[in-house]
Amino acid sequence: MEEKTKINKENMDAFANLESGVRVALETYSNVHRGSGHNSMVTTHLYEQAREMVLEYLGLNKATYCVIFCTPARASALIAKLKPESYISVASHDFGLSLGVKALAVNKKALPKGIPLESGGGTTKLISREWVIWAKAPDSFEAGTPAIINVIAFARALRMLKQYGKDIFMNTAPERWSAAEILYHDDLEEYAGRELLNELRKKLIGRGISVPTMEGLVPFINLDNSASTPTFDPIWDAFRRTLYQSEDVKKEIVNEVKSICEDMLHAPLANYDMIFTSNTTEAINLAARNLSREKEEGIEQLILSTVLEHSSNDLPWRMLPGFSQIRISADDEGFVDLKEMETLLSDYNKEAKFGKKRIKLIAISAASNVLGTFNNIAEVSRIAHHFGAKLMVDAAQLVAHRKLDIERCNIDFLAFSAHKVYAPFGCGVLLVRKGLLNFSTEELKQINASGEENAGGIAALGKAFVLLKRIGMDLIEEEEQLLSGQALSAMSQIEGLKVYGINDPDSARLTERAGVIAFSLKSKITYGVAKELALRNGIGVRYGCHCAHILVKHILHVTPGLEKFQKALQTLIPAMRFPGVVRVSLGIENSKEEVDTLIRALDNIANKSYPSITHKGTPILTKGEVKQQIKDFMNTASKRVYSEI
C-alpha cells in the first residue's frame, strides 16, 4: 500500500509539473514562424527549442541531425524513405502520453530530396501557378500548422523523464473523469448566449498579459486568429484531463467528439466517415491520396480550383499523379465567378469540348484566409454534382465563424483544423461521404489510429464546439460583423491605407466576409508595418503572402515578368522577403477597444505621428532597446516552460 501511495504521489507531481509548463506556453500562444507579434515570437522560440531538447534527450549532434515532428502516420511515410541507420525516433506514446507526437531525428545527409511527402502550408518559400520553390528541412516535412502545444508538452516531458524516470507517465492516473464530465461539464454551465461569451472571455488563457513595447508594458492584443486561435480554461481542462484517462475512456471521448461534430456541422455519421488528423493540411493530403486511387479508363482527370486557395488546398492537388489542375479567377472583392464555373463544367463534362478531359473534383475554400470572402458552397455543390464532379471544401476559415450544414450543402469532402477553433492541440478533421473512401481496411485502421492517438486534442475540439454552440453561432457572427464594420469604417479614413476585398462597411455583401482584413499602407513595407504594430503597440498581426501566394499576387497585380524576377531573387537570396499584405483577423476574444487601439496605431504609422520623448510620463525606448526587452521576455517564458521542473 505504501509503495502504491508513493507511485500515485510521484505520478500526480509529474502530471502537475507537466501541466504547469504547458499552461505557461498557452499564455503566449500563437502560430509559429510567420507572425510579427510577441506571442508568435515566443511560440516560435519554444517550438524550435523543442527540436534541441529532442536531440539533447537522444544524445545527438545538432550539426548532424535534423528533428522533424510528425504524426504517427507521417512518421511511417517518412521512415519508409529512410535507411534504418539514418534516423532515431522517439514518440509521446512510448512513455504514456497520448499527444500524437513522434519526433524523427534524421541525419541531414539522408533527408529525401525533391517534392515533400505531404505539401501545403509552410512547405514552400514561393509559389506561382506553374512552379514551386520548396522550403528546406525541417519545414518541408511539417506540412501545415504543427501540433505546437503538443510538441512543447512532449519536449518538457522528455526533460522530465530524466528526473522522474521513464515510467512516470505510465502509472495510475492521478484523477479520473468520464467522457461526459470532460466534454460537457465546466464552471460556466449556468451561462449561455452573450453571458457565456462574456464569461468565457474572462477565461482566455493569457488575458491581460503585458508585453514590452517602445512605450512601456502594454496588454498584448492578438489580431492573428486566422493563423491560429488562443484557447480558454475549459478547453485546456478538457485537453489536460484527457491525458490522464484510461484507453477505454479515451475511446469514449473520441466517439463522443464525433457525435459533437456531427451535431455541430450537420454531418450525420450514418452518411459520413469522420477521420481525425493533425490539421487541415494533413486532411486534404489524405483526401488527395484517396482520389489518386480512382482510375477511369480513357479519361484525363482534372481538378478545378480557384485563385483564392491556401496552398494546403492547392499543392496536394497540383502534385497528384495522373491529374491536372485548372483554376478559375475571382473578382476584386474575392468572389468566384459561378457562371464561369458552370460553363467550365459544362464544356468539359457535358459537351466534351476538350476531348477526354473531365473535371472530377472541385477543390474550394469555404472562406478566404486573405480576403475573408465566404464562397457560396451550396451553389458550388449544385454545379459540381449537376455535371458529375465531386466537391472538396477547405473549411479551415469557416467553422469557428459561421454555421455549416454539410449535408444540406451536399459536400463530399470537408477538412478543418481545431487550432482555428480555439483548441490549439494538434487536431484536424476530414469528413468524407460514405462510399467515397478508397483505402483498404488495414490502411484505414492505421490512418484512424494515427489521428486518434491525440485524444487530448480531440477532446479539446469537442469542448470548443460545445462552448461555441452554447454561445450560438448567430451571436458570434453578429459580434464579428460589428467589429469588422468598425475596423473597415475607421480604416477608410486613414490616408494611404488600402483594404483588399470588400472595403465598404455599408456594403450589402459585408455579411459575406469574415473578420479578416488584408491591407497595405502606401510607401510602407508590409513587414515594417507589422513590426511597428508589435514594437510600438503590442499588437500581433501577420504579414506576407499568408500561404496564398497566387491570390496575393493577383490582388497586388504582380506581372508575369515581376514574378519571374522574384523567382530568380528567391533562388539567389533564400532569405529575401517579398511584398505582401498585412492581415488583421478577429476572434471571439476581441473587443471594440482593441479595434480602437489598432486604428490609432495605424493612423500613427501612416502619419509618422509617434511620441518623441515620453508617453504618459514613460520614456520612449529605442527599437533596439525594446527588441532586447522582447528577447528577455522570450527567454523568461522559455525558462518557465522548460527549465522550472
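Readers should treat all values here as calculations from the given coordinates under stated rules, not as data from a laboratory. Bear in mind the structure is a predicted one, so any value in this text is a computation, not a measurement. We place every Cβ from the backbone using ideal geometry, glycine too, and count neighbours over all the protein chains shown.
If the chain between residue 77 and residue 300 were fully stretched, how many nm would it gain, using 0.36 nm times the residue separation less the Cα-Cα distance?
Working it through step by step, the gained length comes to 77.5 nm.
Work out, step by step, the length gained on full extension between residue 564 and residue 607: first 0.36 nm times the residue separation, then minus their alpha carbon distance; give nm to one decimal.
12.1 nm is the gain from fully extending residue 564 to residue 607.
Suppose each label sits 7 Å from its Cα in the direction of the beta carbon; what would the residue 85-residue 385 distance come out to in nanometres?
The modelled label-to-label distance comes out at 5.7 nm.
Quick check: Cα centre of the stretch 145-172 to Cα centre of the stretch 81-120, how many Å?
Cα centroid to Cα centroid, the span is 17 Å.
Between residue 269 and residue 133, what is 0.36 nm times their sequence separation minus the Cα-Cα distance? Round to one decimal in nm.
So the chain would gain 45.0 nm between residue 269 and residue 133.
So if R0 is 41 Å, what FRET efficiency would residue 337 and residue 571 give, r being the distance between their Cβ atoms, rounded to the nearest 0.05? Intermediate values should be presented prior to the final figure.
Details: r = 34 Å, r/R0 = 0.83.
The computed FRET efficiency comes out at 0.75.
Students often check this: by mean Cβ neighbours within 10 Å, which of 622-630, 551-559, 303-311 ranks highest, and how do the rest follow? Intermediate results must be reported in sequence, preceding the final value.
Values: 622-630: 14.2, 551-559: 18.2, 303-311: 23.8.
Descending packing order for the listed peptides: 303-311, 551-559, 622-630.
Would you mind getting me the FRET efficiency between residue 596 and residue 33? Use the beta-carbon distance for r and R0 = 25 Å, nearest 0.05.
Result of the calculation: an efficiency of 0.30.
Whole number please: convex hull volume per residue of the Cα set in the stretch 243-375, in Å³? Don't jump to the answer; show the numbers that get you there.
Working: hull volume 20.8 nm³, N = 133.
Enclosed volume per residue, from the Cα hull, is 156 Å³.
Just add up the charged neighbours of residue 297: K/R +1, D/E -1, any other residue whose Cβ is under 15 Å from the Cβ of residue 297. Walk me through the numbers on the way to the answer.
On the way: positive: 293, 295, 356, 357, 358, 360; negative: 294, 296, 300.
So the surrounding residues net to +3.
Label residue 356 and residue 218 with points 7 Å out from Cα along Cα→Cβ: what is the distance between them in nm?
Spacing of the two 7 Å Cα→Cβ label points: 6.3 nm.
If every alpha-carbon in the stretch 309-392 counts as one equal scatterer, what log10 I(q)/I(0) does Debye give at q = 0.14, 0.15, 0.18, 0.23 1/Å?
Reported log10 I(q)/I(0), two decimals: -0.48, -0.55, -0.80, -1.25.
Using +1 at the C-beta of Lys and Arg and -1 at the C-beta of Asp and Glu, which of 568, 494, 527 has the Cα lying farthest in the positive direction of the dipole of the stretch 452-580?
Comparing the listed Cα positions along the dipole, 568 ranks first.
Mind computing the radius of gyration and Dmax over the alpha-carbon atoms of the stretch 473-643? Å is fine for both.
For the stretch 473-643, the Cα-based Rg and Dmax read 18.3, 53 Å.
Using mean Cβ contacts within 10 Å as the protection proxy, how do 351-358, 402-409 order, highest first?
Taking the mean over residues of other Cβ atoms within 10 Å, the ranking is 402-409, 351-358.
What base-10 log of the normalised intensity I(q)/I(0) is obtained for the stretch 268-453 from the Debye formula, alpha carbons as equal point scatterers, at q = 0.08 Å⁻¹?
Results for the stretch 268-453 at q = 0.08 Å⁻¹ read -0.24.
If packing is taken as the average count of other Cβ atoms within 10 Å, what order do 332-345, 38-51 fall into, highest mean first?
38-51, 332-345
Restricting to the chain, compute how many DSSP beta bridges are antiparallel as a %, nearest 5.
Just about 70 percent of them are antiparallel.
Over the stretch 2-164, one equal point on each Cα, no solvent: what is log10 I(q)/I(0) by the Debye formula at q = 0.09, 0.21 Å⁻¹?
-0.33, -1.46
With label points built 7 Å along Cα→Cβ from the Cα atoms of residue 195 and residue 628, find their separation and express it in nm.
Distance between label points: 5.2 nm.
What net charge is computed for the residues neighbouring residue 170, neighbours being all others with C-beta under 13 Å from the C-beta of residue 170, Lys and Arg scored +1, Asp and Glu -1?
-3
Between [x] 0.98; [y] 0.95; [z] 1.00, which matches Rg/Rh (Cα atoms, Kirkwood Rh) calculated for the structure shown?
Here the calculated entry is [y].
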